[in-house]
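Beneath this line is the structure, given in structure tokens, with notes to follow.
The values are calculated or read from the model by the stated rules, or taken from the named source; none is laboratory data. Worth saying up front: this structure is predicted, and the values here are computed from it rather than measured. In this analysis, Cβ positions are derived from the backbone assuming ideal geometry, glycine residues included, and neighbour counts consider all displayed protein chains. Note: areas computed on protein heavy atoms with side chains; ligands, DNA, RNA excluded. Shrake-Rupley method; radii C 1.70, N 1.55, O 1.52, S 1.80 Å.
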Amino acid sequence: MKKIFVSLMAAAALFTLASCEKNFDPKIYGTLSTTNFPSAESDYVSELMLCYTPYTIKWSHSISRQEHNFYGGEGPIWRVFDSTTDVCAPILHLNWGNNWLRMTQCAFSYYETQSRGYNSGSVSYYEGLRDVTYFTKIIGDFRDADESVLSAAKKKQYEAEARICRGVMMYYLLHIYGPLPFILDPALVGDEEAEARLERPTLDEISQWIYDDLDYAAQNAPETQSEKGRYTADYARYLLMRHCLNEGSHMSGWYQKAYDLKSQFTGGYKLFTDPGDSGNPYVELFRTKNDFSCEDIMEVSCSSGPTGSDTQGNFNAWYFYIASSNLSSMHYDPDGNPNWNSKAPGNPWGQCWNVDPAFWDTYEEGDLRRDVIVSEAYYKGVGWIGRKEIGDLWDGFIINKYPHEESSQYQSNDIPLARWADVLLLYAEAAVRKGNSVPQEAVDAVNEVRARAGLAGLSADKTASVSAFLDALLLERGHEMLYEGCRKIDLIRFGKYYETMSALDRTPESEYFPIPNFSVDQAKESGYTLTQYYTRPDYDGPQK
């Protein structure tokens, strides 16, 4: 991490922001240097836009070095937080390298030997430590800006947006690796002694750091933005609500904080209920025409023109990773009927994420949310295949949550980051956990989500006790939030990760990914102990 300021500023000098459609348009900024930057308001805007870089959808991104994006390419949150759980079957047919299979088998020790450099087949997020440091530097620039250049109101707004970006980065890294040694004081950026102090903070400490960033943003970020895709105060409230629930078991009063946040949203959100052409509002919700619907608090805004280049905007890369190349995606079946994804011009690459038939079986009959899963597909040269071919011709069912509507392989469906349905489920959980009882308001919130899915309310046996309700709620979250980057975090919060995966003979080697050897060795050289593995105190799996 030494001399991070110099390396990041060099990257900034070449940076082109091209993140979102509509008003969040690509902008090319001029040459920067440590002597003339930042000096004008446009310079501060360009710094702020750098904070969004990891959250754009390209094949990769680069601030300090090449890394994976969180929402696209080959290392997104679905790979880290969904394929590592019961919703996804092991990806035996991909043949891109054993690390793809290891991920779905919860064999995380492989990542001990992860190199510092980017590898498209691996998951490269550890260098996010550097990004956090750079976000801290940017936050310091906003605070130090002369008010003749950047008004007090703009300083607060830009810092709030940057702190959402930093808070999200710390949140994801916490749930991938456990607590990491972040630098959050701008005065310590470039301080070699501070940057060499590589040792894990406590869980309480990092939980508070993330809280402080998101709470500041909830109070100071804009309630609305003129450019779709830029972060708002409501998005910060959603992130804060989720974080408080995750850490409420060890942070006093946080379940109450999560509960209280629901009443603080200002956007007037509600569940999307338009049945559309399909007759299914859940299916319609993820179609391009319903981007930023009444339910969506925040999305990554995508368009069909970009192809993943750094100089272009976001595209939805989902199509490439949900089916093998042998599953016909552009032809009609033998009877002349459209296949599951007939508009795509070429074939997908592999079932990097799929739906395990065992998880499919957990849906209630008539659950409309199951319609985003393709349980039968046409296999070139074979014909229709289904459950009996699992393990032979495909690994699991196809998750078709973002239906392909383009003449290009590069989709324009926005990627939802926060939905009101999730807020309702989080609220129900907070209501139960804060009082250790099952109030009617919690039941009503869950039943509102179930009604949109075409289901009756929870049965009496599922609301009779706290444990029964939480079990039902965890399953409800699995169905509603399928492949939205929540499942592993949810299973850990509910104390079910080790139990659930062990029952599938995919016993996790550890709760979180290990810190790579190179960083452990670097800490040792500096006289510190950086524990390679982290396990929460209440985890029921092996302690490493």
(request) Only one of these is surrounded by 17 or more Cβ atoms within 10 Å (Cβ to Cβ) and more than 15 Å from Tyr55 (Cβ to Cβ): Ser122, Ser148. Name it. (result) Ser122
(message) What's the number of the only condition in (1) polar (S, T, N, Q); (2) open to solvent by less than 10 Å² (accessible area, probe 1.4 Å); (3) within 20 Å of Leu180 (Cβ to Cβ) that Ser109 fails to meet?
(response) (2)
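Can you find a residue that is closer than 22 Å to Glu295 by Cβ and at pLDDT 90 or above anywhere in the range 386-398?
Keep residues of the range 386-398 that are closer than 22 Å to Glu295 by Cβ, which gives none.
No, because not a single residue in the range 386-398 is closer than 22 Å to Glu295 by Cβ and at pLDDT 90 or above.
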(message) Show the residue pairs meeting these rules: Cβ distance below 8 Å; 6+ apart or different chains; first residue within the range 151-169 and hydroxyl-bearing (Ser, Thr, Tyr); second residue open to solvent by 10 Å² or more (accessible area, probe 1.4 Å).
(response) Tyr158/Tyr44; Tyr158/Val45
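Here's the yes/no breakdown for (1) modelled with pLDDT under 95; (2) more than 20 Å from Leu271 (Cβ to Cβ):
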{"residue": "Glu441", "(1), (2)": "no, no"}
{"residue": "Arg452", "(1), (2)": "no, no"}
{"residue": "Lys462", "(1), (2)": "no, yes"}
{"residue": "Leu482", "(1), (2)": "no, no"}
{"residue": "Thr500", "(1), (2)": "no, yes"}
{"residue": "Glu511", "(1), (2)": "no, yes"}
{"residue": "Asp540", "(1), (2)": "yes, yes"}
(message) Step by step: first the residues of the range 177-208, then only those that are surrounded by fewer than 19 Cβ atoms within 10 Å (Cβ to Cβ) and in contact with a Pro (Cβ under 8 Å, 6 or more places away or on another chain), then the one that is modelled with the lowest pLDDT. Which residue is that?
(response) Arg197
(message) Which pairs turn up if I take residues in the range 509-536 that are in a helix (DSSP H, G or I) and look for partners that are β-branched (Val, Ile, Thr) and surrounded by 17 or more Cβ atoms within 10 Å (Cβ to Cβ) with beta carbon separation below 9 Å, at least 6 apart in sequence or on another chain?
(response) Ala523/Ile515
(message) Of everything in the range 251-273, what is buried (at least 19 other Cβ atoms within 10 Å of the Cβ), closer than 18 Å to Ala442 by Cβ and hydroxyl-bearing (Ser, Thr, Tyr)? Give them in sequence order.
(response) Tyr255, Tyr259
(request) Please find, within the range 108-154, the residue that is modelled with the highest pLDDT out of those that are farther than 26 Å from Glu195 by Cα, of a type outside the set (Phe, Trp, Tyr) and under 21 Å from the mean Cα position of the chain (by Cα). (result) Gly121
(request) May I ask you to list the residues in the range 290-315 that are open to solvent by 20 Å² or more (accessible area, probe 1.4 Å), acidic (Asp, Glu) and closer than 28 Å to Thr266 by Cα? (result) Asp291
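Find the residue count for the range 424-480, including only residues that are outside any helix (DSSP H, G or I), open to solvent by 30 Å² or more (accessible area, probe 1.4 Å) and among the hydrophobic types (A, V, I, L, M, F, W, C). Walk me through how you get there before you give the answer.
Restricting attention to the range 424-480, the residues satisfying the condition of being outside any helix (DSSP H, G or I) are 436-439, 453-459, 463-465.
Of the ones still in play, those that are also open to solvent by 30 Å² or more (accessible area, probe 1.4 Å) are 436-439, 454, 456-457, 459, 463-465.
Then drop every residue that is not among the hydrophobic types (A, V, I, L, M, F, W, C), which leaves 438, 456, 464.
The total comes to 3.
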(message) Which condition from (1) open to solvent by less than 10 Å² (accessible area, probe 1.4 Å); (2) at pLDDT 95 or above; (3) part of a loop (DSSP other than H, G, I, E, B) is the one that Tyr282 breaks?
(response) (3)
(message) So, in the range 217-245, exactly how many residues are touching a helix residue (DSSP H, G or I) at 6+ places or on another chain (Cβ under 8 Å) and not in a helix (DSSP H, G or I)?
(response) 5
(request) Report, by residue number, each residue of the range 62-76 that is open to solvent by less than 10 Å² (accessible area, probe 1.4 Å) and either part of a helix (DSSP H, G or I) or touching a residue at least 60 places away in the same chain (Cβ under 8 Å) (or both). (result) Ile63, Glu67, Phe70, Tyr71, Gly72, Gly73, Pro76
(request) Just give me the residues in the range 212-241 being under 18 Å from the mean Cα position of the chain (by Cα) and more than 20 Å from Pro54 (Cα to Cα), in sequence order. (result) Asp234, Arg237, Met241
(message) Being at pLDDT below 85 and touching a helix residue (DSSP H, G or I) at 6+ places or on another chain (Cβ under 7 Å) is the filter here; which residues of the range 399-408 pass it?
(response) His404, Glu405
(message) Just to be sure before I move on: is Arg79 open to solvent by 30 Å² or more (accessible area, probe 1.4 Å) and not in a loop (DSSP other than H, G, I, E, B) in the structure I sent?
(response) no
(request) For residues that are open to solvent by less than 70 Å² (accessible area, probe 1.4 Å), outside any helix (DSSP H, G or I), modelled with pLDDT of 75 or more and not polar (S, T, N, Q), tally how many sit in the range 316-349. (result) 4
(request) Answer yes or no: is there a residue in the range 409-422 that is at pLDDT 95 or above, open to solvent by 10 Å² or more (accessible area, probe 1.4 Å), in a helix (DSSP H, G or I) and under 27 Å from Thr288 (Cβ atoms). (result) yes
(request) Give me a count of the residues in the range 353-372 that are under 15 Å from Leu475 (Cβ atoms) and either open to solvent by less than 10 Å² (accessible area, probe 1.4 Å) or not in a loop (DSSP other than H, G, I, E, B) (or both). (result) 7
(request) Out of the residues in the range 491-525 that are under 23 Å from the mean Cα position of the chain (by Cα) and under 19 Å from Phe182 (Cα atoms), state the one that is surrounded by the most Cβ atoms within 10 Å (Cβ to Cβ). (result) Phe513
